[in-house]
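Each reported figure results from applying straightforward, stated rules to the coordinates on display, with no laboratory input. All values reported here derive from a predicted model rather than from experimental measurement. FYI the Cβ positions are ideal-geometry reconstructions off the backbone, even for glycines, and counts take in every protein chain you see.
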Amino acid sequence: MHKKVLRDMDSLCAEAAYDFVQIISSAVDARGEAHIFLAGGNTPRHFYKLLASPPIGNSIPWGKVHIYFGDERNVPPDDPDSNYNMANRALLSRINIDPLRIHRIPGELTADEAALAYNNKLKHFLPFDSNENPCPDLVLLGLGEDGHVASLFPDTDILNNHADFAAAVWVEKLRTWRITITYRVINNASNVWLFVSGESKRDIVDRVFNYSTSERYPVERIKPRGKLTWFLDEAAAQRIVK
Ligand code: 6PG
């Protein structure tokens, strides 16, 4: 586990953009293409805009990248709540990438139909290891104040789903369905990034770093076979050793 604490969101995004280019180019050198999962929520929006902007945007071989999503709300792709919609506005519509390389979660279907369709899509496009586990190059995640990542929320059955790559989950406290990848995808990634910014995340970061709570929080079950990196700004990292 690595952590990078940067002064603010601008410097956090600049640091992450540099590492992002490294991950893409080493994946393309090794396997001819890269497989990247994007996060939803608000925190990564600024980062996506930076990835779409020159010079960074021009230095990424988007023609060799497959883009996936960690989770989605049960809404159509043009809905303001859609994670695809957010990423499309901030990044995908502004880069030269083949639409056939953008693998969004069909949130417009029922949650179960969307999860089934996405499982099939992941099986079709992702690289797999000899144990039939998916091997993405990077999974980008945000962090909720309750310790959820993607739509892996505390006290939901999906936390123990180690069979599927993606599944539907009813989130009681939000009274809504979500579709999310499972730990089977996240923990088989070469790189997992947690993007955490702002004072509102200070308490959860404090609890996870300073008070090990034996996997009480979904984020604590992130134990990838590859490298886990926390990108934090100082506001979120106030109570941890830098
Ligand atoms: C979602 C996300 C979710 C998000 C966290 C943090 O669909 O909402 O995938 O896991 O990353 O809730 O959200 P913010 O970045 O908006 O604080």
Discussion item. Tell me the relative contact order for the chain as a rounded percent, counting alpha carbon contacts under 8 Å between residues six or more apart.
Written reply: 23 percent
Response to the item:
Dividing the mean separation of Cα pairs under 8 Å (6+ apart) by the residue count of the range 132-242 yields a relative contact order in percent of 32 percent
Item to complete: Using +1 at the Cβ of each Lys and Arg and -1 at the Cβ of each Asp and Glu in the range 106-171, identify which of Pro127, Leu141, Leu152 lies farthest towards the dipole's positive end.
Response: Pro127
Worksheet entry | Unsatisfied cross-links (Cα-Cα over 20 Å) in the set Lys201/Lys242; Lys4/Lys227; Lys49/Lys242; Lys49/Lys201; Lys123/Lys173; Lys49/Lys121 | Lys49/Lys242; Lys49/Lys201; Lys123/Lys173; Lys49/Lys121
Worksheet entry | Prolate/oblate/rounded call for the chain, Cα gyration tensor, a/c under 1.5 rounded | rounded
Item to complete: May I ask for the distance between the Cα centers of the range 167-202 and the range 116-162, given as a whole number of Å?
Response: 8 Å
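If each residue's Cβ is checked for other Cβ atoms within 10 Å, how do Arg73, Arg239 rank with the fewest at the top?
Arg239, Arg73
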Fill in: Sequence of Val208, Val196 once ranked by neighbouring C-beta atoms within 10 Å, starting from the fewest
Val208, Val196
